[in-house]
Structure formats: structure tokens, C-alpha cells
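In what follows, a single structure is set out as C-alpha cells and then discussed.
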């Protein structure tokens, strides 16, 4: 069940990115504690282990895990449909990226360059966010499929908010790549939903609670 656990973690990260993009577009603000693990994952290009990417998922991906649990259990009526739309769009964009090796190389090089911003500032500093957003614009925005983000125009027209949206979408793509690398497939989300639910429920429990 290790593979399913890893798949659940990775898809929860995709959903967390989608949820934060929806919140940003609607309200102009998101909790830093939810965004930082996703942004940090971009710079874990050669992790020592899978668990080094997001740390303790019950803490770092709590938002994504609980949102995905709500959606997968069929109780997502109170959630914005944009969350599902962005999740599906991120997975679709990753499939487009997978066929473009030159862009994959450009993304890797761009993230290496952006890591210099992290060294001088921090993961969440606006300079780092701007570098990641520019990387998204120069690469993924040029694919034939683009993610259309809707929300409050006042927030979306704010440059810093727009940059955060792009940086989060980039982190969602990173999670989608990871999900596929550990065996995740879109049809799994339908035909193996029960297995995903079990894995997510385990992740949502506090460490040490095995009951």
C-alpha cells in the first residue's frame, strides 16, 4: 500500500494547489502555512526520499487531504466547483508537458535559477514568487492548453496575487508529475476511489494514531 499512500500524498498536493488558487482568486489571500510546503516542493528536485518532498503530509497537506476526502466521499457540494476544475486542468496540463522534453528541461533550469532567490530571501518572499511566476509564464503558459483562473477581477489584476496564482499552479504541476511517477493515473481516481479514500483517511490521522 506504499504506492497508494504516495499517490494519495501527491494528488492531495495537486488538490491543495487547486484549492489555494481558488481561494486566492476569490479572496486575494491564503494561509502561508498551506502555500509554503507546495512552494518548497518545487526546490526538492533530487530528494533523498519521497517523504522528504512534503514532510509530514498530515500537517503540510492537511488542506488538500481534507478537501480531497470531501470530494471523494461525494460530499463536496459545499465546495467551489472551481477546485475540481483546476485539479483536472493541472493533471491535463501535466500530460501536455510530458510530451515536451525541451520545456521540461527549461523548467528544471528555471527552478535552479529561482533557488538563488530562496537563498537570498525566502520561499514566500515576493521576489521568489515573482521568479516562479515568470518561469510559469515563459513555459507552461505557452502550451496549447492553458488554465483559465476565474474569480474577483480586483484580486486577479493585482500583480502579486497573479504571481502567487502562477507559482501555485507550478507547484501543482510538480505534484502532478510526482503523482504520475509513483504510478498515479486519472482512471484510478474513479475505479480505485475506495483505496484512495482509505489512504487519505490514514494520512489525515495524527501520527501515532493507528486505530
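The values are calculated or read from the model by the stated rules, or taken from the named source; none is laboratory data. Predicted model, so just to flag it, every value in this text is computed and none were measured. So basically every Cβ, Gly included, is an ideal-geometry build from the backbone, and we count neighbours across all protein chains shown.
A residue that is at pLDDT 95 or above, within 20 Å of residue 100 (Cβ to Cβ), in a helix (DSSP H, G or I) and under 16 Å from the mean Cα position of the chain (by Cα) occurs nowhere in the stretch 143-150. With the structure loaded, tell me whether residue 49 is under 25 Å from residue 122 (Cβ atoms) and at pLDDT below 95 or whether it fails that test. It is true that residue 49 is under 25 Å from residue 122 (Cβ atoms) and at pLDDT below 95. For the stretch 161-192, the set of residues classified as surrounded by 14 or more Cβ atoms within 10 Å (Cβ to Cβ) and farther than 21 Å from residue 96 by Cβ consists of 161, 162, 163, 164, 192, listed by residue number. Checking each residue in the stretch 1-50 for being closer than 19 Å to residue 163 by Cα and assigned to a loop (DSSP other than H, G, I, E, B) picks out 28, 29, 30, 31, 42, 43. For the stretch 46-58, the set of residues classified as at negative phi and without any contact (Cβ under 8 Å) to a residue 24 or more places away in the chain consists of 46, 47, 48, 49, 51, 52, listed by residue number. Suppose we filter the stretch 60-73 for residues that are modelled with pLDDT under 95 and under 15 Å from the mean Cα position of the chain (by Cα); how many remain? Selection size over the stretch 60-73: 1.
Being touching a residue at least 60 places away in the same chain (Cβ under 8 Å), closer than 22 Å to residue 12 by Cα and not in a helix (DSSP H, G or I) is the requirement here; does residue 83 meet it?
Numbers: touching a residue at least 60 places away in the same chain (Cβ under 8 Å): yes; closer than 22 Å to residue 12 by Cα: yes; not in a helix (DSSP H, G or I): no.
Spelling it out, it is not the case that residue 83 is touching a residue at least 60 places away in the same chain (Cβ under 8 Å), closer than 22 Å to residue 12 by Cα and not in a helix (DSSP H, G or I).
Cβ-Cβ distances below 8 Å connect no pair with a first residue in the stretch 17-45 that is touching a residue at least 24 places away in the same chain (Cβ under 8 Å) and at positive phi, a second residue that is outside any helix (DSSP H, G or I) and crowded, with 19+ Cβ neighbours inside 10 Å, and a separation of six or more residues or different chains.
For the stretch 151-171, how many residues are free of Cβ contacts under 8 Å to residues at least 60 places away in the same chain, over 18 Å from the mean Cα position of the chain (by Cα) and assigned to a helix (DSSP H, G or I)? Residues that pass the stated criteria total 3.
Quick grid of which residues meet (1) surrounded by fewer than 15 Cβ atoms within 10 Å (Cβ to Cβ); (2) more than 17 Å from residue 32 (Cα to Cα); (3) without any contact (Cβ under 8 Å) to a residue 40 or more places away in the chain:
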position	(1), (2), (3)
111	no, yes, no
116	yes, yes, yes
121	yes, no, yes
125	yes, no, yes
128	no, no, no
131	no, yes, yes
138	yes, yes, yes
144	yes, yes, no
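In this entry, residue 183 passes the filter for residues that are at positive phi and either in contact (Cβ under 8 Å) with a residue 60 or more places away in the chain or not in a loop (DSSP other than H, G, I, E, B) (or both).
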